[in-house]
Amino acid sequence: MALTTDAAFQLLATAHAQNRLAHAYLITGPVGSGKLALAARLAAVLFGQAAGDPLAHPDVHRVEPESKSRRIVIEQIRDLEHELHMRSLHGGKKIGLLLDADRLQPQAANAFLKTLEEPPPGTHLLLLSAQPEQILETILSRCLEVPLRLVEKRALSSAQLALLDALRAHARHERPQIPHIFGLVRDFQNLLAEAKDAIRDETEAAFKTEEKHYKQTSEAGHWLDDREDYYKALTEARYLGTRSDLLAILEQWWADALRQQQGSPELDLPECAADTAALAARHTPAQLLRKTAALEQLRENFNRTGVQEALATECAFIAAFSV
Amino acid sequence: MKFSVSKEKLLAGLQTVQNVVSTRTTLPILSNVLLQATDGQLRLTTTDLDVGVSGVIDAQVEKPGATTLPARRLANIVRELPAAEVQIEIDSKNVASIRCGQSFFKILGLPEEEFPPLPKFEGAKTFTIHQQALRDALKKTSYAISTDETRYVLNGILFSFKENKLTMVATDGRRLALVDLEVEFPRSSEGEPIVPTKCVTELGRLLGDEGDVRVSVGDSQISFEIGGTLLVSKLIEGNYPNYRQVIPGEAKERITLERETFLNAVHRVSLLSSEKSNSVKLVFTKNNIEIAANTPDIGEAHESLPVAYKGREFSIAFNPEFLQAPLRALPNDEIFLDLIDEMSPGVIKIQSPYLYVLMPMRIS
């Protein structure tokens, strides 16, 4: 059963107090469920640290997806293993922290198995993942899972709110025609393009700052090249995240209509209850199911490589927003 | 910060610490050298987070202070400077102006606060060893360190401080080198740290012939103080395997060999050992060893070596590289080869407390 971070922390702290903390935990839960916060609280207990960011402790060895394809690659795992096989800086515990463990490249995962099963003395491995179903079975079976659940719903982003406005406007057409649908597609694509530009500006600025600070003042040319790749990957990954968030709004929109039809009181988007109720009245359950299926298909297409984003979007929108 | 220093001293100081700076750093600041100017002294420090080196040189300090500068860039400049006296001035933005004779250089650096401090030792156990003895012991063991990255505890030398003895051990699972040194210390200071390869290499470079080295062993670090130079390293985590177990008992045969003659013969014969089997065979007969190797389809080599041998006739095969490594490292004219039978490990010994255990290879 999924826990709140507080409940999970209590369990781990008790385990630590009784000296039976496992060597590897897989902390799972949706985005915003506090996986990193739980890792930080556990680290604070392990290091006996009261102030500051416990994850900035020199004995926390962090690995996160870095390559262009946003994977954790085998070199990163080898470096991590090297660090873990050295004594800790202060002679205490060490933590190996893997963010987005579902992005472990299969070779990297395989190279990691031995360490994961039997880490060096005094080492705790914390694997974090929002999509544990994508982790290799061999990794899963070597970790204790700590499932977390969302305590509070995240506030909607401005892009998500803008998309809701567009959806509301679109819902006013009782019999939407192709031009109306394409108008909505354009709104969706404009939001994506804006998000992409904003993200790129932000990561480029971050890279520029680092480059300016280090380029002349040190001899870390390789490091800067790696950072450039890292920021490119970060841009792409953050864009994919934003796209996925926007797609979630579309899914929730039709899911709410379906819920209203069935008289379920819980809605994902309570602020749009009136709009989704109107849609519920206008469609049959079979129609609504077809629409959610079309969006599900779109999500699947987005996850594939080599799919044209614009084309996939148009096809899905025609299926989801025509009558 | 402003100081002047002789070119030779500065260059020597930089060369002492520069080796630790790797070309692929994980943090940009690690490509820089930390310069700290205090009363009449300039301290130079580098680190890669695993190993750190810090050295002191005399300098005329006009204005004390600290900064970091790109290590290689600075060393390259200093190496090419013409005159004997170098004057370096650093402004508040960490820009260094280097003046020397008619030359002028300006290079940029990073603030000292970014530089990770070398660890402090609390409650460390300290030992004093003669520099030459330690250097000699490193030379006799370091070639046997494992390079297999999956066996981390073997990627270094075991420093076993026990019963007023420092036993240094290196092994890769197929051979093992061991040296004993007499060191005085109280019983409470006993311990068995494993010192990583990179630190061993640096230590070998820093040790000289004269004077003592002060070794401090903490829970997770070890440091070596040689004159004004300090080498600090993290230790390898884990327990070293029980090496006593692989040292064979009483030898049946002891053969006394002239080290250089034997080494040259093995080396010549090994030219024709095949890549696949990679072994040389030693055939013992009365007062003779025949060293032989052959590679199918290429050819064969053998060489006879007269020795004093009266034992039974038998043959044993070894990896030629592993057989030659200790022969190259040892200074002695005479070595002893202790054998039991074809299948038991051979042991190379000398007059002083040293031994080298070598697993034999199967003879087809």
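A simple spin-label model places the labels of A:A15 and A:K212 4.5 nm from each other, with each point 7 Å out along Cα-to-Cβ. Quick one: angle between helix B:259-270 and the longest Cα principal axis of chain B, in degrees between 0 and 90, rounded to 10, please. Helix B:259-270 sits roughly 80 degrees off the main axis of chain B. Relative to the first principal axis of the alpha-carbon coordinates of chain B, what is the inclination of helix B:131-141, with its axis defined by its Cα atoms, in degrees from 0 to 90 and to the nearest 10? It works out to around 50 degrees. B:L34 sits among other residues whose Cβ lies under 15 Å from its own Cβ, and their net charge, with Lys and Arg +1 and Asp and Glu -1, is -2.
For a 26 Å ceiling on Cα separation, which of these pairs sit above it: B:K140/B:K162; A:K212/B:K106; B:K63/B:K125; B:K2/B:K120?
The pairs that break the limit, which is 26 Å between Cα atoms, are B:K63/B:K125; B:K2/B:K120.
Of all lysines in the structure, those lying under 17 Å Cα to Cα from B:K286, and not within fewer than 8 positions of it along the same chain, are B:K252, B:K310.
Here chain A yields Rg over Rh of 1.03, to two decimals, using C-alpha coordinates and the Kirkwood radius.
If you find the alpha carbon centre of the range A:6-57 and of the range B:288-361, how far apart are they in angstrom? Here the two parts' Cα centres lie 56 Å apart.
Need the full-extension length gain, A:Q49 to A:E228, defined as separation in residues times 0.36 nm minus the C-alpha distance. One decimal, nm. Please report the intermediate quantities before stating the final value.
Working: separation 179, 0.36 × 179 = 64.44 nm, distance 3.36 nm.
Length gained between A:Q49 and A:E228: 61.1 nm.
Of the residues A:L26, A:G96, A:C143, the one whose Cα sits farthest toward the positive end of the charge dipole of the range A:5-147, with +1 on the Cβ of Lys and Arg and -1 on the Cβ of Asp and Glu, is A:G96. With a ≥ b ≥ c the root eigenvalues of the C-alpha gyration tensor of the range B:1-100, is it rounded (a/c under 1.5), prolate (a/b larger than b/c) or oblate? Prolate shape, in that a/c is at least 1.5 and a/b is the bigger ratio.
In chain A, helical runs assigned H by DSSP with n ≥ 4 each contribute -39500 (n - 2.57); averaged across all residues and rounded to the nearest 500, the mean residue ellipticity at 222 nm is -19500 deg cm²/dmol. Its convex hull of Cα atoms gives the range A:26-109 a direction-averaged projected area, equal to a quarter of the hull surface, of 6.1 nm². Charges were assigned to the Cβ only: +1 to each Lys and Arg, -1 to each Asp and Glu. The resulting dipole of the protein assembly as shown about its Cα centre is roughly 340 debye. Count Lys and Arg as plus one, Asp and Glu as minus one, and take only other residues whose Cβ is under 13 Å from that of A:A8; the net charge is then +1. Helix A:106-117 and the longest principal axis of the C-alpha atoms of chain A enclose an angle of approximately 50°.
First check a/c for the range A:158-321, with a ≥ b ≥ c the square roots of the eigenvalues of its C-alpha gyration tensor; if it is under 1.5, answer rounded, and if not, answer prolate when a/b is larger than b/c or oblate otherwise. Prolate, since a/c reaches 1.5 and a/b exceeds b/c.
Here the range A:5-147 is assigned +1 on the Cβ of each Lys and Arg and -1 on the Cβ of each Asp and Glu. Its dipole about the Cα centre then comes out at about 160 debye.
Applying the criteria of a DSSP loop state and at most 12 other Cβ atoms within 10 Å to the trypsin sites (Lys or Arg not before Pro) of the range A:256-323 yields A:R304. A prolate overall shape is assigned to chain B, the ratio a/c of its alpha-carbon gyration tensor axes (a ≥ b ≥ c) being 1.5 or greater and a/b exceeding b/c. The string of couplings for the range B:30-44 from the Karplus curve (6.51, -1.76, 1.60, θ = phi - 60°) is 6, 7, 9, 9, 7, 10, 10, 9, 10, 4, x, 9, 10, 9, 10 Hz, one whole number per residue in order, with x for Gly and Pro.
With r as the distance between the Cβ atoms of A:D197 and A:E137 and R0 = 30 Å, compute the FRET efficiency 1/(1 + (r/R0)^6) and round to 0.05. For R0 = 30 Å, the calculated efficiency reads 0.15. Which residue, A:P265, A:P121, A:P147, has the most motion in a Gaussian network model of chain A that connects Cα atoms within less than 10 Å? Between A:P265, A:P121, A:P147, it is A:P265 that shows the largest mean-square fluctuation. Among A:N303, B:A170, A:G122, whose Cα lies farthest out toward the positive end of the dipole of the protein assembly as shown, if unit charges sit on the beta carbon of Lys, Arg (+1) and Asp, Glu (-1)? Of the options given, the answer is A:N303.
Under the convention that each Lys and Arg Cβ holds +1 and each Asp and Glu Cβ holds -1, the size of the dipole of chain A around its Cα centre is about 460 debye.
Amide H contacts under 5 Å for A:L125: A:A24, A:Y25, A:G96, restricted to partners 5 or more places along the chain or on a different chain, H placed in the peptide plane at 1.01 Å from N.
When only alpha carbons are used to place a centre, the range A:281-316 and the range B:25-95 end up 62 Å from one another. Which whole-angstrom value gives the distance between the alpha carbon centres of the range B:98-177 and the range A:253-269? Here the answer is 66 Å between Cα centres. At R0 = 51 Å, how high is the FRET efficiency between A:R62 and B:T261 if r is their beta carbon distance? Nearest 0.05 is fine. Working from the Cβ atoms, E equals 0.35. What range in chain B is the longest one free of trypsin sites (Lys or Arg not before Pro) that are in a loop by DSSP and have at most 16 other Cβ atoms within 10 angstrom? For trypsin sites (Lys or Arg not before Pro) (loop position, at most 16 other Cβ atoms within 10 Å), the longest site-free span of chain B is B:175-251.
Computed over the protein assembly as shown, the quotient of the alpha carbon radius of gyration and 2.2 N^0.38 Å is 1.27.
Throughout, read-outs are computed from the coordinates displayed, never taken from laboratory work. The shown structure was predicted, so the numbers you read here are calculated from the model rather than taken from an experiment. FYI the Cβ positions are ideal-geometry reconstructions off the backbone, even for glycines, and counts take in every protein chain you see.
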